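Just below is one structure, and these are the notes that go with it.
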Amino acid sequence: QVQLVESGGGLVQPGGSLRLSCAASGRFLSSYVMGWYRQAPGKQRELVATATSGGSTNYADSVRGRFTISRDNAKNTVFLQMNSLKPEDTAVYSCRAQSTTYSYWGQGTQVTVSS
């Protein structure tokens, strides 16, 4: 059974930074595409960023240049560095591990950007 556990969320002022972590257990996920998604109240879940096992990354237009996804395959962990945060970044952030056959989700961590 694969488990993904996110951490690092919290309350931050506009312009601030947070670093989210997603630790995986139960299976070595180095060959999986790892991604971060978010869902704001009343909105659909949206893709934030993905990183392939080969190091290719993809970002939503709304976060490109402010967020950076990275992964440590040896530690089965993926990170999301979020800088220059805006109130519209407020959401529950969840990580996902995806292969051609399987898809696993974490429970999510709340990020609130407010003064």
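We did not get these values from a lab; they are worked out from the coordinates using the rules stated. Just so it is clear, the structure is predicted and the values come from calculations on it, not from any experiment.
Remarks
- Percent of Cα pairs exceeding the 15 Å cut-off, where the set is region 34-96: 48 percent
- Here the Gaussian network model covers the chain, with springs between Cα atoms less than 10 Å apart; of Leu80, Leu11, Leu20, Leu11 fluctuates the most.
- Gaussian network model of the chain, springs between alpha carbon atoms under 10 Å - residue of Thr100, Thr77, Thr50 with greatest fluctuation: Thr100
- Each listed q (0.24 Å⁻¹) maps to a log10 I(q)/I(0) for the chain, found by the Debye formula over equal Cα scatterers with no solvent: -1.43.
- Segment Phe28-Gln107, length gained on full extension (0.36 nm per residue, minus Cα span): 26.6 nm
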